[in-house]
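Trainee: The structure that follows is given in the form of structure tokens.
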Amino acid sequence: MNNFTVTGFVGNDAEIRQFANASVARFSLAAGRIEKTDSGNNRLSEFMYMEALRKNNNTV
């Protein structure tokens, strides 16, 4: 199994959709990084759009 960790600030409330067998949450995440240039360091922020899936256990 592959996994990774992304840290940042949540950009908006999660939009949750429920289906028969699963639920999906969508939200944006702002992550920052430092870019080195000749004149110094610049801090940049980027928004990533995340989608989290979860299988529902209570399906018939």
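Derivation of every value follows stated rules applied to the coordinates shown; laboratory data play no part. This is a predicted model, so every value here is computed, not measured. Here Cβ is always computed from backbone atoms with ideal geometry, including for glycine, and neighbour counts include all displayed protein chains.
Trainee: Which cross-chain or sequence-distant (5 or more) residues have an amide H under 5 Å from the amide H of GLY11, H modelled 1.01 Å from N in plane?
Mentor: SER28, LEU29, ALA30
Trainee: Using each residue's phi in the range 23-33, evaluate 6.51 cos²θ - 1.76 cosθ + 1.60 at θ = phi - 60° and report the 3J(HN,Hα) Karplus result to the nearest Hz, with x for Gly and Pro.
Mentor: 10, 10, 10, 10, 7, 9, 10, 9, 10, x, 8
Trainee: Relative contact order (percent) for the chain, with alpha-carbon contacts under 8 angstrom and 6 or more residues of separation? If you can, show how the numbers build up before the last one.
Mentor: On the way: 95 pairs, mean separation 19.3, N = 60.
So the answer I get is 32 percent.
Trainee: Something else about it: Per 0.36 nm of contour for each residue apart, how much would the distance between ARG54 and ARG33 grow if the chain were fully extended, relative to their Cα-Cα spacing? Show your work: numbers first, answer last.
Mentor: Numbers: separation 21, 0.36 × 21 = 7.56 nm, distance 2.94 nm.
4.6 nm is the gain from fully extending ARG54 to ARG33.
Trainee: Turning to a different aspect of this structure: At most 15 other C-beta atoms within 10 Å and a DSSP loop state: those are the exposed chymotrypsin sites (Phe, Trp or Tyr not before Pro) I care about. Give me the longest piece of the chain that has none.
Mentor: Numbers: sites that count: PHE4, PHE19.
Counting only loop sites that pass the neighbour cut-off, the longest clear stretch is 20-60.
Trainee: For mean projected area of the Cα convex hull in nm², which listed value, (1) 3.8; (2) 4.4; (3) 6.0, comes from the coordinates shown?
Mentor: After the calculation, the listed value that fits is (3).
Trainee: Next up: Excluding ARG26 itself, what net charge comes from residues whose Cβ is under 13 Å from its Cβ, given Lys and Arg +1 and Asp and Glu -1? Can you show the working numbers first?
Mentor: Working: positive: ARG17, ARG54; negative: ASP13, GLU15, GLU51.
Taking every other residue near ARG26 into account, the sum is -1.
Trainee: Okay, moving on. Once phi is turned into θ = phi - 60°, what whole-Hz ³J(HN,Hα) does the Karplus curve with 6.51, -1.76 and 1.60 give for every residue of the range 12-22, x standing for Gly and Pro?
Mentor: Computed from phi, the couplings for the range 12-22 are 7, 5, 5, 9, 10, 10, 10, 10, 4, 10, 7 Hz.
Trainee: Within the range 27-60, list the residues whose amide N lies under 19 Å from a label point set 7 Å along Cα→Cβ of ILE16.
Mentor: 27-29, 50-60
Trainee: In sequence order, what are the phi-derived ³J(HN,Hα) couplings for the range 37-42 according to the Karplus relation 6.51 cos²θ - 1.76 cosθ + 1.60 with θ = phi - 60°, rounded to whole Hz, with x for glycine and proline?
Mentor: 10, 5, 8, x, 9, 10
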